[in-house]
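**Student:** Structure in structure tokens, see below.
Nothing in this text is a laboratory measurement; each read-out follows from the coordinates by a stated rule. Since the structure is predicted, the reported quantities are computational estimates derived from the model, not experimental observations. Note that we place each Cβ from the backbone using ideal geometry, even for glycine, and neighbour counts take in every protein chain shown.
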């Protein structure tokens, strides 16, 4: 998955936050968190993790 | 404490604006620090910066709409994610080329900063209970607006830095070297 997607949704969350539109801001915030987690799980598998987590 | 009792919401918004400003400073500093190490691409550092931006969004909503448990929860969740990422990076064996800042690596500083952010949001969520939770827009002071715009610029700079490093890719070209 591309790293650019969570960057874009994160910027949108900031923009909606500044505009004071909380529902849209929270939706994009959740989307950003989800995309970051998806990126991490999708791309960091198979690499050594400290303490063998 | 009196700051929150005499003027519910107002003092809290000022404190949140100050924290948001510190988040902006942290974002710009981490970007500059990574920029100084030319050619050093660190995908997990990008995730760290994203966690900082996400934590900042909760603070920004507090400044814009007034304090709310939801906004503090957003900050706490993002700060805990940042703690996890920076803990992972801090546990990696140090390299000789690692630059130190006051005796600590940047990842260790990130761990401290995320911990402080989580503690701040938890404390404020406990103290800051006299403000109604609603999404009505309120007038923001000039200083508050300036901090919010500064945060947007810092988030844009962070995104631009990542795109310059990685382009439109999964940003994994040097992951093996990082981990």
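**Student:** Only counting other Cβ atoms within 10 Å, I'd like B:140, B:126 sorted with the fewest neighbours first.
**Tutor:** On the way: B:140 18, B:126 9.
The most exposed by this proxy come first: B:126, B:140.
**Student:** Another question about this same structure. Within a 10 angstrom radius of the beta carbon, how do B:111, B:21 rank from fewest other beta carbons to most? Intermediate results must be reported in sequence, preceding the final value.
**Tutor:** Details: B:111 23, B:21 20.
Ascending number of Cβ neighbours within 10 Å: B:21, B:111.
**Student:** At residue B:127 and residue B:29, where each label point lies 7 Å from the Cα along Cα→Cβ, what is the point-to-point distance in nanometres?
**Tutor:** Calculated label separation equals 2.2 nm.
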